[in-house]
Amino acid sequence: MLIREATADDWPRIWPFWHRIVAAGETYAWDPGTSEEEARVLWMNPAKRVYVVEDDSGAVVASAYLTPNYGGPAARIANAGFMVDPDRGGRGYGRALADHLLTEARAAGYRGMVFNAVVETNPAVKLWTSFGFTILGTVPDAFDHPRHGPVGLHIMYRAL
């Protein structure tokens with residue numbers, strides 16, 4: 001696999017799994033009806049460093065972004081978003097991308113990383129805790145899950 005910074009030309013290869021994941025309404029607090037243009041602005045925003053994972057065939061199978069979570073004097077705390085093509089899950093792409101982004105965040109001078117809204121039923125909670133993230137708190141019943149009903153949103157943090 002190859003992990004590299006994304007280019008604008010990667011968006012058409014990210015959009016199909018981005019759309020599928022967000023439209024499912026199970027793991028992201030973005031509107032499931034987000035248009036492709038709105039999604040591109042959200043994900044590929046110039047304020048974000050965006051990465052892709054290519055498998056051995058050159059297909060884009062995952063993407064992530066890294067950005068400051070806050071501004072001004074608090075700009076040394078990172079935020080990130082991760083997506084792995086659901087058809088490619090369980091092959092280590094998410095773990096490799098997470099490891100890469102944590103390394104990139106440290107190299108960029110971030111002192112910590114925070115996730116503001118991790119759906120408590122998201123299988124990625126296990127991945128993040130394996131990387132040393134802790135749950136600082138949970139906003140109860142903050143997310144309307146299509147199968148589980150109202151569930152909490154975790155705020156997760158890790159020092160870098």
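The values are calculated or read from the model by the stated rules, or taken from the named source; none is laboratory data. Here the structure is a predicted model, which means the values were calculated and not measured. Don't worry about glycine lacking a Cβ; one is built from the backbone with ideal geometry, like all the others, and counts go over all protein chains shown. When the accessible area is computed, the model is the full protein with side chains, heavy atoms only, and any ligands, DNA or RNA have been set aside. Shrake-Rupley method; radii C 1.70, N 1.55, O 1.52, S 1.80 Å.
Just wondering, is there one or more residues in segment 2-13 that are hydroxyl-bearing (Ser, Thr, Tyr) and at pLDDT below 95? Lay out the reasoning, then the answer.
Going residue by residue through segment 2-13, those that are hydroxyl-bearing (Ser, Thr, Tyr) are 7.
So of that shortlist, the ones also at pLDDT below 95 come out as none.
No, there is no match, as no residue in segment 2-13 is hydroxyl-bearing (Ser, Thr, Tyr) and at pLDDT below 95.
In segment 6-30, which residues are more than 15 Å from the chain's Cα centre (by Cα) and of a type in the set (Val, Ile, Thr)?
Once the filter is applied, which keeps residues that are more than 15 Å from the chain's Cα centre (by Cα) and of a type in the set (Val, Ile, Thr), segment 6-30 yields only Thr7.
Can you pull out the residues in segment 112-131 that are surrounded by 13 or more Cβ atoms within 10 Å (Cβ to Cβ) and part of a loop (DSSP other than H, G, I, E, B)?
Those that are surrounded by 13 or more Cβ atoms within 10 Å (Cβ to Cβ) and part of a loop (DSSP other than H, G, I, E, B): Glu120, Thr121, Asn122, Phe131.
If you go through segment 78-91 one residue at a time, do you hit one that is at pLDDT 95 or above, surrounded by 18 or more Cβ atoms within 10 Å (Cβ to Cβ) and of a type in the set (D, E, K, R)?
Within segment 78-91 (the criterion being at pLDDT 95 or above, surrounded by 18 or more Cβ atoms within 10 Å (Cβ to Cβ) and of a type in the set (D, E, K, R)), the answer is yes, since at least one residue qualifies.
Which one is nearest to the chain's Cα centre (by Cα) among residues in segment 87-98 that are among the charged types (D, E, K, R) and either in a helix (DSSP H, G or I) or under 14 Å from Ala159 (Cα atoms) (or both)? Show your work before the answer.
So in segment 87-98, the residues among the charged types (D, E, K, R) come out as 87-88, 91, 95.
Now narrow it down to the ones that are either in a helix (DSSP H, G or I) or under 14 Å from Ala159 (Cα atoms) (or both): 87-88, 95.
Working: Asp87: 17, Arg88: 16, Arg95: 12 Å.
For segment 87-98, the residue satisfying everything is Arg95.
All but one of (1) open to solvent by less than 70 Å² (accessible area, probe 1.4 Å); (2) modelled with pLDDT of 95 or more; (3) in contact with a strand residue (DSSP E or B) (Cβ under 9 Å, 6 or more places away or on another chain) hold for Asn45, so report the exception by its number.
(2)
Could you grab me the full set of residues in segment 1-50 that are farther than 19 Å from His145 by Cβ and acidic (Asp, Glu)?
Result: Glu5, Asp9, Asp10, Glu36, Glu37, Glu38.
From the list Leu101, Leu136, which residue is outside any strand (DSSP E or B) and either open to solvent by less than 30 Å² (accessible area, probe 1.4 Å) or at pLDDT 95 or above (or both)?
Values: Leu136 fails: outside any strand (DSSP E or B).
Matching residue, one of Leu101, Leu136: Leu101.
Give the number of residues within segment 1-42 that are surrounded by 17 or more Cβ atoms within 10 Å (Cβ to Cβ), touching a residue at least 60 places away in the same chain (Cβ under 8 Å) and assigned to a helix (DSSP H, G or I).
4
Please go through segment 49-77 and pick out each residue that is on the phi > 0 side of the Ramachandran plot and either open to solvent by 30 Å² or more (accessible area, probe 1.4 Å) or of a type in the set (D, E, K, R) (or both). Walk me through how you get there before you give the answer.
Residues of segment 49-77 that are on the phi > 0 side of the Ramachandran plot, as a first pass: 58, 72.
The one that is on the phi > 0 side of the Ramachandran plot and either open to solvent by 30 Å² or more (accessible area, probe 1.4 Å) or of a type in the set (D, E, K, R) (or both): Gly72.
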